[in-house]
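So the structure is just underneath, and the comments pick up after that.
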Amino acid sequence: MICLSKIKVAIVGGGHRGSSVYRVLREVDNVQIIGLADINPASPGMILARRDKIFTTDDFTELVVNPKIHVIVEATGISEVQRKIYEIKSSDAAVMEAMAGNFFMTILQAKEELLEVKKLKGELGAILNSVQEAIEVADNTGLIKYINPAFTRVTGIPEAVRVGKNIFEASPHGALAQALIKQKPVVGYRSKVGGSGVEVISNAAPILVEGQVEGAVVVFQPITDILKLMDELQKSTTIIENLYAKIDQITGSKFTFDDLTGNCKVFLGTVEMAKKAAKSESPVLLVGESGTGKELFAHAIHQASNRRGKPFIKVSCASVPEELLESELFGHEKGSFTGAVRTKLGKVELAKGGTLFLDEIGEMNPYLQGKFLRLLQDRQFERVGGSETIKADVRIITATNVELKSLVRKGRFREELYFLLNVIELNMPPLRHRREDIPVLVEHFIGKLNRKLGKKVKNVDPDALQLLASYDWPGNIRELENVIERAMVTVDSDIFGRQHLSPYIGQFNAGATNVYTEIVPLDKMEQMMLKAALNRFGETLEGKKKASQALNISLATLYNKLKKYKASM
Ligand SMILES: Nc1ncnc2c1ncn2[C@@H]1O[C@H](COP(=O)(O)OP(=O)(O)O)[C@@H](O)[C@H]1O
Ligand SMILES: [Mg+2]
C-alpha cells in the first residue's frame, strides 16, 4: 500500500484503547483520522474527537464503509464487530487490531508515553524558569545537566559555562555533590558556590528512578537575601512587640480614688495625702503589708495626676528574675547579651510622660539601685549595652512591704536612694487596724461580684458580718476579697449568710479552737490551706516563701502542689 497522500484512518471503539490510539495518531503528520465510532457518545475517544471536530458516529458501519479509508483500527475487541468490519469494508482497507499486548498497541503506547513526557518537560521547564530559587541538576556521575535562569542570576555563572562541567570539580563541597556522595537529602546546607564565591543556603536531594540514584538536584538561595528578610522581619517584630507592650500598659491604669473604699480616720488620712501627692511630681513611697491596697493607690495617684492620659507602667522587682530586671527597666541594645536578638525598649522608656510603678522595691539589687538612683537624680539612663544617654520623663511611685529603713540599716538598701524615694511616704494600714471598714468593704465587694458573677445578693446576714469582722485578715483586703468571692459562688438567694462562709470557718478559727465544722476530703483541705496561705502572704516570690514556711513544706514542694491543683484552685 503506497500512499502519496495522507494515510486515512478510521477508529472503531472510543474506550481506553481507542482513545489512546486516537491521541497518538492525531500527532502523526502523515496520518489523517477520518472518524471515530462508538455506541457510547460519552466514551473518552468520542469526547476527544468531537472536541477536535472530527467525524463521530454511534454506528461504526456508517464509518467503515467509506471507500477512501486505508486503515481501520479495531479497538473494541468484540468479535462480532470484527466480523462485521471484514464483511462490509472496502477491499483496499487494512484492519489493525488494537489488542492489549500486540505489537501495534505496544508501539502506540510507547509513543503515547513519549508524548506525555514531552508535555511534562514543557511544563517543568516553564516552572524551573520562573522560580526565584536557583536550581542545578547533575546526573549520577556528577555531570551538570541543567541550571535554571535563577542560578545564573544568583551566581553570575552563565549556562554555557556551567552545564557540561562535573559537579565534583565545579563545586565539590556544595550540597549537590554531598547529596550524590551520600545518596541522601542534604537540608539547610551553608556553602559557597564554586566558581562564584556567593554564599548560599541549599537543600539538595538525590533523584531516584525505580530505586536507582540517577542524579541529584539542588535548590538554593543566597544568604544575603535570607539575611535581608530576617532583618526586616526582626525590625517589624520589634515594632509590634513594643506596640503591644504600650497597649498593654496604657490600658493598665484602671482605678481612681473613687474605687477606694473605706471610711475610717487613718484610711481617709492616707487618701487625703495621696490626693495631694497626685498634684506633685515628687516620688511617692507606699508602705504596707501585702494586700493593703498599695497598687490601687498607685493607680489612683496616676489617674489624679497631670500624667493621667499617659502610660501607667508597673514593674514588680520581685517577680522579674534578677538578671533580667535591668533590661526590663532600661531596655537593651541588640546583641548586648545572649538572647538580645533585637533592641528592646525598657519600661522607663515605655512609660514616657507617664508613671512608673515599682513594686517591691526592697528586692532590687545594689547594682540596679545605683543605676536607678542616677535615673532619679539626673533623669537620664543608658540601655543595657548602649552608649547613648536617654532622657527619662517618668514619675516614680514605689511600694514595699518591708521596712526600707531596716534594709538600709542592714546595708542592703542605699540610703541616698531611700531618701529620694520617700519624699512622700504613704502608710497603708493593715485591715485589722481598720476593722470598722470591714462592712463597707464587704458591701463593696458583694456589689462588684454581683455584677461579675451575675448574682443578686442584697443583704449580708449580721452573723456572717460578725464572723468576718472578728477575723484577723493577715492577707488584708486581698484575702477578704478572695474569701467573699469564693463564698459568693455558692450563694443562690439574695442573702449572704454565715453558712456560705462555713467552708472557710475552720480556716478562720484554726489557730484558736482547732474545731472544724465540716469533714472535707484531705486533698480538698490541702487545696484550701494552700489557697489560704497564698491569700495571706500574697502570690509574690516573697509571699510564696512565707507561705511554704507557714505550711511547713519546702518552696519546691509548694510549687509542685500548686502545679498539681492548678486547674481546680
Ligand atoms: N480601699 C480599697 N477598696 C477596695 N478594694 C481594695 C482597697 N484596697 C485594696 N483593694 C483590693 O484588694 C486587693 C489587693 O490590693 P493591692 O493594691 O493589690 O494590694 P498590695 O499592692 O498592697 O498588695 C485588690 O484586688 C484591690 O482591688
Ligand atoms: Mg501588690
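Things to note:
- Positive minus negative residues near K111 (Lys, Arg vs Asp, Glu; Cβ under 12 Å): -1
- The chain shape via C-alpha gyration tensor axes, a/c threshold 1.5: prolate
- Three-way shape call for region 252-427 based on the alpha-carbon gyration tensor, with the a/c threshold at 1.5: prolate
- Relative contact order (%) - criterion: Cα under 8 Å, at least six apart; region: region 423-476: 54 percent
- Neighbours of A205, meaning other residues whose beta-carbon lies under 13 angstrom from its beta-carbon, give a summed charge of 0 when Lys and Arg score +1 and Asp and Glu score -1.
- The angle between the Cα long axis of helix 103-130 and the main principal axis of the chain comes to about 40°, on a 0 to 90 degree scale.
- Listed residue pairs exceeding 30 Å between alpha carbons, taken from K228/K391; K371/K531; K456/K531; K294/K371: K228/K391; K371/K531
- The simple Förster model, with R0 at 45 Å and r as the Cβ-Cβ distance, assigns K564 and L243 a FRET efficiency of 0.75.
- Within straight-line cross-link reach of K564, aspartates and glutamates at Cα separation under 17 Å, skipping those fewer than 8 residues along the same chain: D523, E526, E539
- Calculated P(r) tail over 18 Å for region 131-225, as whole % of Cα pairs: 35 percent
- In the chain, the DSSP-assigned H stretches of four residues or longer account for a calculated mean residue ellipticity at 222 nm of -14500 deg cm²/dmol, using -39500 (n - 2.57) per stretch and the full residue count as denominator.
- Two-site FRET efficiency, V520 against E272, from Cβ-Cβ distance with R₀ of 45 Å, rounded to 0.05: 0.50
- Classified by the C-alpha gyration tensor, region 268-320 has an oblate form. Its axis ratio a/c, with a ≥ b ≥ c, is 1.5 or above, and a/b does not exceed b/c.
- Label separation (E485 vs R51): 6.8 nm, computed from points 7 Å beyond Cα along the C-beta direction.
- The relative contact order of region 252-427 comes to 30 percent, based on Cα pairs under 8 Å that sit 6 or more residues apart.
- The C-alpha atoms of the chain define a longest principal axis, and helix 366-378 lies at about 80 degrees to it.
- Projected label points at L115 and V187, each 7 Å from Cα along the beta carbon direction, are separated by 4.1 nanometres.
- As a rough guide to protection, the peptides 301-308, 437-444 ranked by mean Cβ packing within 10 Å, highest first, stand as 301-308, 437-444.
- The order of the peptides 20-30, 467-477 by mean Cβ neighbours within 10 Å, most packed first, is 467-477, 20-30.
- For region 7-111, the alpha carbon convex hull comes to 89 Å³ per residue, rounded to a whole number.
- Model label sites at S91 and L373, defined 7 Å from Cα along the beta-carbon direction, differ in position by 12.6 nm.
- Sorting the segments 391-399, 409-417, 520-528 by their mean number of nearby beta carbons within 10 angstrom, highest to lowest, gives 391-399, 409-417, 520-528.
- Modelled FRET efficiency - R0 51 Å, S282 with K334, Cβ distances, 0.05 increments: 0.90
- Cβ-defined net charge surrounding R412, 12 Å radius [Lys, Arg +1; Asp, Glu -1]: +1
- Entry note, region 14-118: relative contact order of 28 percent, from Cα contacts under 8 Å with a spacing of 6+ residues.
- Fully extending the segment from M230 to V65 would add 52.1 nm, taking 0.36 nm per residue of separation and subtracting the current Cα-Cα distance.
- Computed from Cα atoms, the angle from the helix 522-537 axis to the main principal axis of the chain rounds to 60 degrees.
- Fully extended contour minus Cα-Cα distance, from K391 to V320, at 0.36 nm per residue: 23.2 nm
Taken together, the values in this text are just the output of simple stated rules run on the coordinates, not laboratory data. All values derive from a computational prediction rather than experimental measurement. Because the Cβ atoms are built from the backbone with ideal geometry, glycine has one as well, and the counts that use them run over all protein chains shown.
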